[in-house]
Amino acid sequence: MEEKNRNVTLTYNEGQDAIDLPVLDGTLGPNVVDIRSFAKTGMFTFDPGFLATASCESKITFIDGDLGQLYYRGYPIEELAEGADYLETCYLLIYGELPTSEQKKEFVYIVSHHTMVHEQLAAFFKGFRRDSHPMAMMVGVTGALSAFYQDSMDYTKENDRSVAAYRLISKMPTIAAMCYRYTNGLPFMYPRNDLSYSANFMHMMFATPCETYEPNPVLERALDRIMILHADHEQNASTSTVRLAGSSGANPFACVAAGIACLWGPAHGGANEAVLKMLDEIGDVSNVAAFMEGVKAKTHKLMGFGHRVYKNMDPRASIMRRTCYEVLDELGLQDDPQFKLAMALEKIALEDPYFIERKLYPNVDFYSGIVLSALGIPVSMFTAIFAMARTVGWVSHWNEMISDPHQKIGRPRQLYTGAQRRAFMPIDQRK
Ligand code: CMC
């Protein structure tokens with residue numbers, strides 16, 4: 001981080017005192033004011049929701065929300081979605097550079113040879129109710145991985161951090177597919193190393209011991225693209241959760257389980273599931289106008305619209321929109337009523353002053369749910385697939401944080417507005 005000879009001077013105590021705070025430059029995006037020395041004024045800064053706070057320094061992902069730009073390690077998402085596959089993207093996020101062919105070959109080999117999970121994990125699943133939500137199982141099973149993989153846990157060593165990263169990236173599709181199979185009473189399918197990352201996931205979801213699953217290349221590519229688009233997104237809520245959990249030195253499986261828990265919320269990764277539920281509730285194009293009235297009256301939100309950072313079209317949404325058309329074309333579903341309904345909502349929202357004034361545009365989840373649904377993936381699995389894709393982002397950030405020699409435990413302060421000191425009252429004297 002470069003520190004220029006520029007400061008922001010803050011005066012306080014009615015102008016009697018002042019503090020100089022350095023301004024730090026990034027390579028892209030806004031500068032930040034370094035407030036680390038601010039506590040010596042005897043005050044804290046107050047920023048719930050981190051609306052104006054950079055929580056860390058990072059070299060992984062850059063977003064310009066106003067321009068609608070997203071770069072992984074400097075590469076625009078559009079170029080990666082077009083030219084790279086998911087495992088190349090994973091390599092880029094973890095190591096900072098795109099792999100050569102040799103490096104990619106080795107990486108693919110390592111990832112595909114870590115996809116099996118400990119057999120005991122299958123028994124672990126049996127403790128869940130059959131109607132458990134896949135995300136409930138994902139949180140539990142991922143957290144439990146630390147009980148199964150107890151070697152290579154000295155995370156001060158680069159090698160041990162890499163082993164944790166491989167294990168998580170490789171095993172997450174296996175675990176996600178197991179969640180689906182378990183709720184449907186289907187036997188777990190072992191991974192197949194001859195398939196791509198995405199095709200192997202579809203095999204574990206849809207094959208049976210009696211029938212193989214032949215992946216359709218258009219659908220395989222669509223899933224791979226969903227994986228690329230969801231691989232990382234800077235300091236979003238779940239990534240910040242993983243960083244905060246990891247800042248105490250917690251093991252990466254537990255940290256990623258915390259990230260999955262955070263991702264589950266409908267304001268974050270649960271949005272693609274919420275989009276499909278919303279479409280089901282609206283039911284028909286003729287109900288769109290009434291639904292929109294409710295949105296403006298703030299009785300409900302238009303799910304899949306709006307973003308904390310993007311105040312322009314989410315660049316991932318533009319790519320997913322195209323993928324949506326490709327998949328529906330391939331499957332002959334252009335006239336699918338749910339898709340038509342989504343397009344009607346999109347059109348109205350993009351032209352409505354309520355959305356224009358608030359800079360609310362479709363986000364990636366508005367379209368990814370429709371694509372996943374067309375791939376035959378049930379709605380309850382959508383967020384689990386998001387978690388599977390985002391695992392690489394989480395481990396890359398965890399790795400970046402742990403390797404930073406200046407890393408400290410994350411410990412925010414607060415504005416306390418509770419009771420002042422008062423005397424304890426014995427129970428028989430309380431009214
Ligand atoms: N539908 C209707 N109104 C909305 C919506 C929406 N989807 N999103 C924001 N608004 C309104 C909000 O009511 C507020 O209006 P006003 O200024 O009159 O009070 C204004 O727009 C600003 O919204 P905000 O809630 O202050 O914005 P935020 O940055 O805190 O929230 C968000 C961002 C994503 C949580 C929110 O837009 C939302 O809940 N969207 C729907 C859920 C969704 O699609 N989430 C997926 C996000 S993309 C996936 C990911 O990266 O995790």
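Tell me whether the range 304-314 contains one or more residues that are within 12 Å of the ligand (Cβ to nearest atom), of a type in the set (Gly, Ala, Ser) and either assigned to a helix (DSSP H, G or I) or open to solvent by 40 Å² or more (accessible area, probe 1.4 Å) (or both). Give the derivation first.
Quick first cut of the range 304-314, residues within 12 Å of the ligand (Cβ to nearest atom) only: 304-311, 314.
Subsequent filtering for residues that are of a type in the set (Gly, Ala, Ser) retains 304, 306.
Next, only the ones that are either assigned to a helix (DSSP H, G or I) or open to solvent by 40 Å² or more (accessible area, probe 1.4 Å) (or both) stay: none.
Checking the range 304-314: not a single residue is within 12 Å of the ligand (Cβ to nearest atom), of a type in the set (Gly, Ala, Ser) and either assigned to a helix (DSSP H, G or I) or open to solvent by 40 Å² or more (accessible area, probe 1.4 Å) (or both).
Need at least 3 residues that are farther than 19 Å from residue 229 by Cβ per element, so show me which strands (runs of 3 or more DSSP E) inside the range 2-94 make the cut, counting only ones lying wholly within it.
Details: elements: 2-12, 17-25, 61-64, 69-72.
Passing ranges, in order: 2-12, 17-25.
Quick one: is residue 320 under 26 Å from residue 217 (Cβ atoms), part of a helix (DSSP H, G or I) and in contact (Cβ under 8 Å) with a residue 60 or more places away in the chain?
On the way: under 26 Å from residue 217 (Cβ atoms): yes; part of a helix (DSSP H, G or I): yes; in contact (Cβ under 8 Å) with a residue 60 or more places away in the chain: yes.
Considered against the rule, which asks whether it is under 26 Å from residue 217 (Cβ atoms), part of a helix (DSSP H, G or I) and in contact (Cβ under 8 Å) with a residue 60 or more places away in the chain, residue 320 comes out as yes.
Residue under question is residue 128, and the condition is that it be hydrophobic (A, V, I, L, M, F, W, C) and in contact with a His (Cβ under 8 Å, 6 or more places away or on another chain); does it hold? Break it down into steps so the answer makes sense when it comes.
Working: hydrophobic (A, V, I, L, M, F, W, C): yes; in contact with a His (Cβ under 8 Å, 6 or more places away or on another chain): no.
Spelling it out, it is not the case that residue 128 is hydrophobic (A, V, I, L, M, F, W, C) and in contact with a His (Cβ under 8 Å, 6 or more places away or on another chain).
So is residue 330 open to solvent by 70 Å² or more (accessible area, probe 1.4 Å) and either in contact (Cβ under 8 Å) with a residue 40 or more places away in the chain or closer than 28 Å to residue 62 by Cα (or both) or not?
Values: open to solvent by 70 Å² or more (accessible area, probe 1.4 Å): yes; either in contact (Cβ under 8 Å) with a residue 40 or more places away in the chain or closer than 28 Å to residue 62 by Cα (or both): yes.
So residue 330 fits the description; yes.
I need a count of the residues in the range 21-68 that are open to solvent by 50 Å² or more (accessible area, probe 1.4 Å), within 16 Å of the ligand (Cβ to nearest atom) and aromatic (Phe, Trp, Tyr).
Counting residues in the range 21-68 that are open to solvent by 50 Å² or more (accessible area, probe 1.4 Å), within 16 Å of the ligand (Cβ to nearest atom) and aromatic (Phe, Trp, Tyr) gives 1.
Would you mind finding the one in 211, 220, 234 that is at pLDDT 95 or above, more than 17 Å from residue 366 (Cβ to Cβ) and more than 16 Å from the ligand (Cβ to nearest atom)? So that I can check it myself, show each step before the final result.
On the way: 211 fails: at pLDDT 95 or above; 234 fails: more than 16 Å from the ligand (Cβ to nearest atom).
220 is the lone residue from the list that is at pLDDT 95 or above, more than 17 Å from residue 366 (Cβ to Cβ) and more than 16 Å from the ligand (Cβ to nearest atom).
If the Cβ limit is 8 Å and pairs must be 6+ apart or interchain, which residue in the range 83-102 that is among the acidic types (Asp, Glu) pairs with which residue that is open to solvent by 40 Å² or more (accessible area, probe 1.4 Å) and outside any helix (DSSP H, G or I)?
85/196; 88/98; 97/73
Scanning the range 96-132 for residues that are over 24 Å from the mean Cα position of the chain (by Cα) and of a type in the set (Gly, Ala, Ser), which turns out nearest to residue 142 (Cα to Cα)?
122
Identify, from the list 102, 97, the residue that is open to solvent by 20 Å² or more (accessible area, probe 1.4 Å), part of a loop (DSSP other than H, G, I, E, B) and either over 30 Å from residue 380 (Cβ atoms) or not β-branched (Val, Ile, Thr) (or both). Before you say what the answer is, go through the steps one by one.
Working: 102 fails: part of a loop (DSSP other than H, G, I, E, B).
Result: 97 is the single residue among 102, 97 that is open to solvent by 20 Å² or more (accessible area, probe 1.4 Å), part of a loop (DSSP other than H, G, I, E, B) and either over 30 Å from residue 380 (Cβ atoms) or not β-branched (Val, Ile, Thr) (or both).
Within the range 369-403, how many residues are more than 24 Å from residue 107 (Cβ to Cβ) and either over 13 Å from the mean Cα position of the chain (by Cα) or surrounded by fewer than 24 Cβ atoms within 10 Å (Cβ to Cβ) (or both)?
Total satisfying the criteria: 13.
Taking the condition among the charged types (D, E, K, R) and either away from the ligand (no atom under 15 Å from the Cβ) or touching a helix residue (DSSP H, G or I) at 6+ places or on another chain (Cβ under 6 Å) (or both), does residue 352 pass? Before the answer, list the steps.
On the way: among the charged types (D, E, K, R): yes; either away from the ligand (no atom under 15 Å from the Cβ) or touching a helix residue (DSSP H, G or I) at 6+ places or on another chain (Cβ under 6 Å) (or both): no.
No: the conditions fail for residue 352.
Would you tally the residues in the range 40-97 being closer than 15 Å to residue 308 by Cα and acidic (Asp, Glu)?
Going through the range 40-97, the residues closer than 15 Å to residue 308 by Cα turn out to be 47-54, 62-70.
Next cut, acidic (Asp, Glu) only: 47, 64, 66.
Selection size over the range 40-97: 3.
Could you list, in sequence order, the residues of the range 275-303 that are more than 11 Å from the ligand (Cβ to nearest atom), charged (D, E, K, R) and assigned to a loop (DSSP other than H, G, I, E, B)?
If the condition is that a residue be more than 11 Å from the ligand (Cβ to nearest atom), charged (D, E, K, R) and assigned to a loop (DSSP other than H, G, I, E, B), then 284 is the only one that fits.
Could you list, in sequence order, the residues of the range 147-191 that are part of a helix (DSSP H, G or I), of a type in the set (S, T, N, Q) and over 18 Å from residue 108 (Cβ atoms)?
First, the residues of the range 147-191 that are part of a helix (DSSP H, G or I): 147-148, 158-183.
Restricting the remaining residues to those that are of a type in the set (S, T, N, Q) gives 159, 162, 170, 174, 183.
Hits for the range 147-191 are 159, 183.
Working carefully through the options 152, 146, find the one that is small (Gly, Ala, Ser) and either free of Cβ contacts under 8 Å to residues at least 12 places away in the same chain or out of contact with any Pro (no Cβ under 9 Å at 6 or more places or on another chain) (or both).
Values: 146 fails: either free of Cβ contacts under 8 Å to residues at least 12 places away in the same chain or out of contact with any Pro (no Cβ under 9 Å at 6 or more places or on another chain) (or both).
From the options 152, 146, the qualifying one is 152.
Return the only residue of 431, 408 being of a type outside the set (Ser, Thr, Tyr), surrounded by fewer than 12 Cβ atoms within 10 Å (Cβ to Cβ), more than 16 Å from the ligand (Cβ to nearest atom) and more than 28 Å from residue 309 (Cα to Cα). Working first, answer last.
Working: 408 fails: more than 28 Å from residue 309 (Cα to Cα).
Exactly one of 431, 408 is of a type outside the set (Ser, Thr, Tyr), surrounded by fewer than 12 Cβ atoms within 10 Å (Cβ to Cβ), more than 16 Å from the ligand (Cβ to nearest atom) and more than 28 Å from residue 309 (Cα to Cα), namely 431.
Residues in the range 253-281 that are at pLDDT below 95 and either of a type outside the set (Val, Ile, Thr) or surrounded by fewer than 21 Cβ atoms within 10 Å (Cβ to Cβ) (or both): how many?
As a first pass, look at the range 253-281 and keep what is at pLDDT below 95: 264-281.
Those left that are additionally either of a type outside the set (Val, Ile, Thr) or surrounded by fewer than 21 Cβ atoms within 10 Å (Cβ to Cβ) (or both): 264-274, 276-281.
Selection size over the range 253-281: 17.
The values are calculated or read from the model by the stated rules, or taken from the named source; none is laboratory data. These numbers were taken from a predicted model, which means no experiment stands behind them. Ideal geometry is used to build each Cβ from the backbone, glycine not excepted, and the neighbour counts take in all protein chains shown. With ligands, DNA and RNA removed, areas are computed over all heavy atoms of the protein, side chains included. Shrake-Rupley method; radii C 1.70, N 1.55, O 1.52, S 1.80 Å.
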